[in-house]
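To start, the structure itself, in structure tokens.
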Amino acid sequence: ANVDRLHTPLMTPVDFYGYRVLAVAKLPIQLVVSDENGDVQRITEDLMHGMQKSGDYFVSRSRVVDRLLGMVGSRLNLAEHSVLGLRDLSSSKTTTSGLVKVYKGSDDLFYLRNLHSVMPCEPPSSTPHLAPTPRQQSIFWRRLRPELVKACKTPLSSDNLTLLNRATSDASQHLQNLVKCVQDCLHNVVPAFVKSLLTRTYRVPLSEGFGINLTQEMHKLGINMRHLGYMRNLIRRALPGKVSVFHGEKH
């Protein structure tokens, strides 16, 4: 989103023999209090936005942070929505996910963590072609692509189908908007892309992938690669001609 004063750590995944490690840069968010002798008395972190105490309470302590996150939501087409901690008595508003943690650093800038939940999840009920998961836990990793979220007519909530908006007044409306967006992608965007693939002229040998970068083209339209089988199923069609089937006969 490129919003001033909001900073995210540099991250890179390291794959080695089937193991993956996510390396994340250390953030300057620890506030160290020392005594006269230089001995550390305590180390604290100034949480401005996010869940605390294992999700019991939602914290929003800065209007500046709220304004900056509102700018992020506007650029990513994310909707302001209500969130509720497990022990909160009343809901609060946020434009990004309530799981995103924003800290005030020692340099008076703001640093973000837990960005894995920013993009809305994909409702399992809208994707019956994908393998189901126990207790519908796929909402934690099957996320919409930012290109699709930006293209939706209505801003989407980051916390759909999570406990954060389980009992909020606007949960059902945000869920309806999410379902419409996903259905539009599967019923309109994907078929149109498949049709464009069928009408192209391919001159490059198959060994060179017909000269197209399928992943790049799909992602540009907001289509996740996990829907490749769904795309393949759309081009099944009857072929002209006849076929004879023999079983257990010698020729």
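When you look at SER169, is it among the hydroxyl-bearing types (Ser, Thr, Tyr), surrounded by fewer than 17 Cβ atoms within 10 Å (Cβ to Cβ) and in contact with a Ser or Thr (Cβ under 8 Å, 6 or more places away or on another chain), yes or no? Quick ask: steps written out before the conclusion?
Details: among the hydroxyl-bearing types (Ser, Thr, Tyr): yes; surrounded by fewer than 17 Cβ atoms within 10 Å (Cβ to Cβ): yes; in contact with a Ser or Thr (Cβ under 8 Å, 6 or more places away or on another chain): yes.
For SER169, the condition - among the hydroxyl-bearing types (Ser, Thr, Tyr), surrounded by fewer than 17 Cβ atoms within 10 Å (Cβ to Cβ) and in contact with a Ser or Thr (Cβ under 8 Å, 6 or more places away or on another chain) - is met.
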**OP:** Hey, could you check region 121-141 for residues that are among the β-branched types (Val, Ile, Thr) and not in a helix (DSSP H, G or I) and say which is surrounded by the fewest Cβ atoms within 10 Å (Cβ to Cβ)?
**Re:** THR133
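Could you identify the single residue in LEU144, LEU163, LEU109 that is surrounded by 13 or more Cβ atoms within 10 Å (Cβ to Cβ), modelled with pLDDT of 95 or more and aliphatic (A, V, I, L, M)? First the steps, then the outcome.
On the way: LEU163 fails: modelled with pLDDT of 95 or more; LEU109 fails: modelled with pLDDT of 95 or more.
Only one candidate passes the filter, namely LEU144.
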Subject >> Unique residue being at pLDDT 95 or above and among the small types (Gly, Ala, Ser) when the list is GLY209, GLY222 >> reply: GLY222
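Looking at region 16-33, which of its residues are within 27 Å of VAL65 (Cβ to Cβ) and either open to solvent by less than 80 Å² (accessible area, probe 1.4 Å) or among the β-branched types (Val, Ile, Thr) (or both)? Can you show your working first?
Of region 16-33, the ones within 27 Å of VAL65 (Cβ to Cβ) are 22-33.
Within region 16-33, ALA23, VAL24, ALA25, LEU27, PRO28, ILE29, LEU31, VAL32, VAL33 qualify.
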**OP:** Go through region 1-35 and give me each residue that's in a strand (DSSP E or B) and closer than 20 Å to SER106 by Cβ.
**Re:** LEU6, HIS7, VAL24, GLN30, LEU31, VAL32, VAL33, SER34
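Restricting to region 147-160, name every residue that is surrounded by fewer than 16 Cβ atoms within 10 Å (Cβ to Cβ) and under 14 Å from the mean Cα position of the chain (by Cα). Give the derivation first.
Within region 147-160, the subset surrounded by fewer than 16 Cβ atoms within 10 Å (Cβ to Cβ) is 147, 150-151, 153-154.
Answer for region 147-160, where residues must be surrounded by fewer than 16 Cβ atoms within 10 Å (Cβ to Cβ) and under 14 Å from the mean Cα position of the chain (by Cα): GLU147, LYS150.
Looking at the structure I just gave you, is SER97 outside any loop (DSSP other than H, G, I, E, B), within 23 Å of ASN177 (Cα to Cα) and either in contact (Cβ under 8 Å) with a residue 24 or more places away in the chain or touching a helix residue (DSSP H, G or I) at 6+ places or on another chain (Cβ under 8 Å) (or both)?
In short, no.
Would you mind stating whether VAL59 is of a type in the set (Val, Ile, Thr) and either within 20 Å of the chain's Cα centre (by Cα) or under 28 Å from GLU147 (Cα atoms) (or both)?
Numbers: of a type in the set (Val, Ile, Thr): yes; either within 20 Å of the chain's Cα centre (by Cα) or under 28 Å from GLU147 (Cα atoms) (or both): no.
So VAL59 fails the test.
The values are calculated or read from the model by the stated rules, or taken from the named source; none is laboratory data. Predicted, not measured: the structure shown is a model, and the values here were computed from it. Every residue, glycine among them, receives a Cβ derived from its backbone with ideal geometry; neighbour counts consider all protein chains shown. The accessibility values were calculated without ligands, DNA or RNA, using every heavy atom of the protein model including side chains. Shrake-Rupley method; radii C 1.70, N 1.55, O 1.52, S 1.80 Å.
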